[in-house]
Amino acid sequence: MGGSIALKQTDDRINVAIDGPAGAGKSTVAKLVAERLGYIYIDTGAMYRVVAYKALEDGVGPDHAAEAVRTAERLSIELRPGQQRQQVLADGEDVTDAIRSASVTSKVSAYASNPGIRDILVRKQQEMARKKGVVMDGRDIGTKVLPDAEVKIYLTASVEKRAQRRFEELPEGSTTMEELREDIARRDEMDRNREHSPLVQAEDAIRIDSTDMSIEEVTEKILAICSEAIARGVEQDE
């Protein structure tokens, strides 16, 4: 693509944390950044969705905190790269589409606010990032999961734009724009005000508002930031 940033491959791999509210485009951008860097993409949101999906399937509501934690403990979650999108497996079952249902979407923040579930998944995520070369997106990656990440991005957009993006992703007739706007606004409120690991911008994160930006523009901007961070690391090692 014209104007694409070419990054020199070095052994000085970094970790990239991308945080922000629902529908800001974090997952799409994170996947592209990881692909261009040759890094591993870890979709933390999908991991929380898997827990919500399995808990709902077992009849364990968000209010049953201890049972929900046990569900998370028992679960085997696997993220596999795919040609079109990442494949998500729960105990060997392909749940890539199932975890994006409206029922899971409306409940996932409630499960994610459970500190026991968060502790379990955070440990898994930190282990994945230990060797560096990871791009991870979520709500508290830069503040809690990877506080030492070399690059931290806070990606946001207007509620209207985020609802529009989600609407275009979902099967036709599954929901309405108004329902999505209300759901996103409600999730924003829950994520910002939850007691454990609320959605906040890390002090050293770079804020990017993607409302009027294309996916490619956001990706290029983050790659430029990563290129600078990698160069700084190389200079410090010399």
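The values are calculated or read from the model by the stated rules, or taken from the named source; none is laboratory data. Note that this is a predicted model, so its numbers are computed, not measured. So basically every Cβ, Gly included, is an ideal-geometry build from the backbone, and we count neighbours across all protein chains shown. In case anyone asks, the SASA skips ligands and DNA or RNA and just uses the protein heavy atoms, side chains included. Shrake-Rupley method; radii C 1.70, N 1.55, O 1.52, S 1.80 Å.
Would you mind getting the Kirkwood hydrodynamic radius of the stretch 124-217 from its Cα pairs, rounded to one decimal in Å?
Values: mean 1/r = 0.0662 Å⁻¹.
For the stretch 124-217, the Kirkwood estimate is 15.1 Å.
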Discussion item. If you take every DSSP beta bridge fully contained in the chain, what fraction is antiparallel? Give it as a percent rounded to 5.
Written reply: 25
Response to the item:
Taking only the alpha-carbon positions of the stretch 15-86 as identical scatterers, the Debye log10 I(q)/I(0) at q = 0.21, 0.28, 0.29 Å⁻¹ comes out as -0.94, -1.22, -1.27
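In the chain, what percent of the accessible surface is made up of carbon and sulfur (1.4 Å probe, ligands and nucleic acids excluded)? Write down the numbers at each step before the final one.
On the way: 5680 of 12030 Å².
So the carbon and sulfur contribution to the accessible surface is 47 percent.
Would you mind getting the accessible area per residue of the stretch 11-148, heavy atoms of the protein chains only, 1.4 Å probe, in Å²?
Details: 5920 Å² over 138 residues.
Computed with neighbouring chains in place, this is 43 Å² per residue.
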Practice prompt. Return the sequence-ordered ³J(HN,Hα) values of the stretch 109-116 in whole Hz as given by the Karplus equation 6.51 cos²θ - 1.76 cosθ + 1.60 applied to θ = phi - 60°, using x for Gly and Pro.
Written response: 5, 5, 5, 5, 7, 6, x, x
Item to complete: With runs of 4+ DSSP H residues as the only contributors, calculate the mean residue ellipticity of the chain at 222 nm using -39,500 (n - 2.57) per run, divided by the residue total and rounded to the nearest 500.
Response: -15500 deg cm²/dmol
Discussion item. Just to check I understand the Karplus step: with θ = phi - 60° and J = 6.51 cos²θ - 1.76 cosθ + 1.60, what whole-Hz values come out for the stretch 194-200, glycine and proline as x?
Written reply: 5, 5, 9, 6, x, 6, 9
Worksheet item: Between Asp97 and Glu195, what is the spin-label point distance in nm, taking each point 7 Å from the Cα along the Cα→C-beta axis?
Response: 3.9
